[in-house]
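Here the structure is laid out as structure tokens; the discussion comes afterwards.
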Amino acid sequence: MARDSSWRQLWSVGPGGDGPKGIARRLHPLDWVAGGLLALGLIAVVTGLLPTEPAAEQMRRIGPLVVFLGTVIVMAELTSRAQVFDVVAAWVARAGRGRYVLLFVLCVLFASLTTITLNLDTTAVLLTPVVLALAARVGIAAVPLAMTTVWLANTASLLLPVSNLTNLLAADRVALSPSGLAAVMWLPQLAAIGVTAACLWAFYWRRGRRGQDRYTPPAAPVAEDPVLLRICAVACAGFLLAILLADVPLWAASLTAMVVVVAAFAVRGRGRELRLSLVPWRLLVLVPGMFLVVETVNAHGLHEMLERALGSDNGFAGMVRSAAVGAGMSNVLNNLPAYVAGEAVVPAGNREQLLALLIGVNVGPLVTPWASLATLLWFERCRLHGTRIDMGRFLWTGLVLSATATLAAVCALWLVS
């Protein structure tokens with residue numbers, strides 16, 4: 001009986017989980033999209049629409065990226081359960097001392113740091129419910145905080161390879177280490193965050209939008225398990241230091257940090273929380289499926305169309321053009337296939353043009369809800385929390401930020417280059 005109970009708990013996806021059949025009943029529409037893309041990709045390979053050699057090459061390329069993606073999100077999820085995010089968010093609200101201007105600055109820094117160091121999905125999926133719960137607890141308007149997380153989840157994802165899956169692909173293409181990518185993208189990242197902060201204040205945080213002058217700071221947070229919290233915080237810091245200061249593969253660094261965090265949960269008597277549902281199955285299915293589908297479409301006409309759209313100019317005009325095409329494709333399709341398809345077209349020696357495309361697909365996907373997976377996941381978190389997002393306002397403010405932040409970041413890249 002005990003063994004059967006443990007098995008059912010392992011497979012559960014939440015309270016009342018009841019095995020594979022229960023998982024099937026709880027599948028999100030995005031899960032079906034991910035599975036459908038993988039099925040289409042495999043069908044393309046089996047039928048010969050996509051030759052096996054390029055398909056195998058794509059799978060070899062994304063193998064380490066998939067390992068990194070799975071391990072870093074498990075690490076981030078457990079870090080969240082150890083209350084690291086809750087404690088930091090409460091500290092941010094207390095440090096604001098009831099003043100919205102100071103709270104705004106601290107929230108921008110917090111969301112930016114989370115995106116840069118733990119990737120955009122962490123900010124969208126894990127930080128969003130934390131700040132929304134904090135808003136309800138202390139009487140802060142929820143929408144400004146929600147928009148801060150989703151916008152900075154995208155626009156603050158330029159600096160390091162870990163910040164965005166597209167960065168991992170670009171760093172591999174241009175042969176840049178994490179510190180090398182940061183050395184090139186630091187000014188574009190500052191420009192993107194600066195424009196984002198300006199738009200956030202003008203559209204959502206100023207007095208006329210939030211409707212309050214001051215807020216009441218929350219009580220000092222008390223961690224359920226301070227030892228576990230410290231171990232998880234150190235593991236995250238060690239992961240960041242390893243990728244910045246040591247020549248360690250990203251997947252190895254994230255895997256090591258995840259093992260430390262998982263072991264800490266087991267030792268501290270929190271093993272019941274170590275379920276298979278922690279693994280981001282949707283992303284692990286979506287990424288290879290998307291790569292196979294995009295490679296198939298590339299082989300049947302998309303490549304030639306993008307060659308005409310992107311051109312081969314590695315100067316400033318070509319950089320602006322590439323960023324605009326990347327942002328436009330991201331909002332029509334999704335930023336990951338937009339980058340994969342665009343990367344295949346950019347000439348091998350055009351590093352600045354490729355990095356401009358990267359800016360477009362990272363900073364630009366702010367207009368449509370499906371432009372990035374992080375935004376889709378953010379919408380779902382807001383819906384579950386009961387936070388209403390005005391779609392009309394979301395679209396037009398996102399369009400303004402997409403255009404201005406993308407252009408500002410490209411100009412900064414041109415200056416650095």
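The values are calculated or read from the model by the stated rules, or taken from the named source; none is laboratory data. Everything numeric in this text was worked out from a predicted model, so none of it was measured. With ideal geometry, Cβ positions are generated from the backbone for all residues, glycine too; neighbour counts draw on all protein chains shown.
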Problem - Qualifying positions in segment 245-273 - surrounded by 16 or more Cβ atoms within 10 Å (Cβ to Cβ) and either among the hydroxyl-bearing types (Ser, Thr, Tyr) or not in a helix (DSSP H, G or I) (or both) - result: Val248, Ser254, Thr256, Arg270
Problem - Whichever residue in segment 348-366 is at pLDDT 90 or above and over 16 Å from the mean Cα position of the chain (by Cα) and, among such residues, is farthest from Leu165 (Cα to Cα) - result: Asn350
Exercise for the section: Residue by residue through segment 195-208, note down the ones that are surrounded by fewer than 17 Cβ atoms within 10 Å (Cβ to Cβ) and either in a helix (DSSP H, G or I) or of a type outside the set (Lys, Arg) (or both). Expected result: Ala198, Ala202, Arg207, Gly208
Practice task
Could you please tell me which pairs satisfy a Cβ distance under 6 Å, a separation of 6+ or placement on different chains, a first residue in segment 44-55 that is within 11 Å of Ala299 (Cβ to Cβ), and a second residue that is in a loop (DSSP other than H, G, I, E, B)?
Solution key: Ala44/Leu50
Completion exercise
Contact list, first residue from segment 217-244 and part of a loop (DSSP other than H, G, I, E, B), second anywhere and acidic (Asp, Glu), beta-carbon distance below 8 Å, six or more apart or interchain, is Pro221/Asp86
Handout entry: From the options Ala348, Ala356, Ala371, Ala338, residue that is surrounded by 24 or more Cβ atoms within 10 Å (Cβ to Cβ) and part of a loop (DSSP other than H, G, I, E, B)
Key = Ala371
Practice task
Could you grab me the full set of residues in segment 388-413 that are over 19 Å from the mean Cα position of the chain (by Cα) and crowded, with 18+ Cβ neighbours inside 10 Å?
Solution key: Thr397, Leu407, Ala408, Val410, Ala412, Leu413
Exercise for the section: Give segment 222-232 a look and list any residue that's touching a Phe, Trp or Tyr at 6+ places or on another chain (Cβ under 8 Å) and either surrounded by fewer than 16 Cβ atoms within 10 Å (Cβ to Cβ) or over 28 Å from Val72 (Cβ atoms) (or both), or say none. Expected result: none
Problem - Criterion (more than 16 Å from the chain's Cα centre (by Cα) and either more than 21 Å from Ala220 (Cα to Cα) or surrounded by fewer than 18 Cβ atoms within 10 Å (Cβ to Cβ) (or both)) met by exactly one of Ala89, Ala95 - result: Ala95
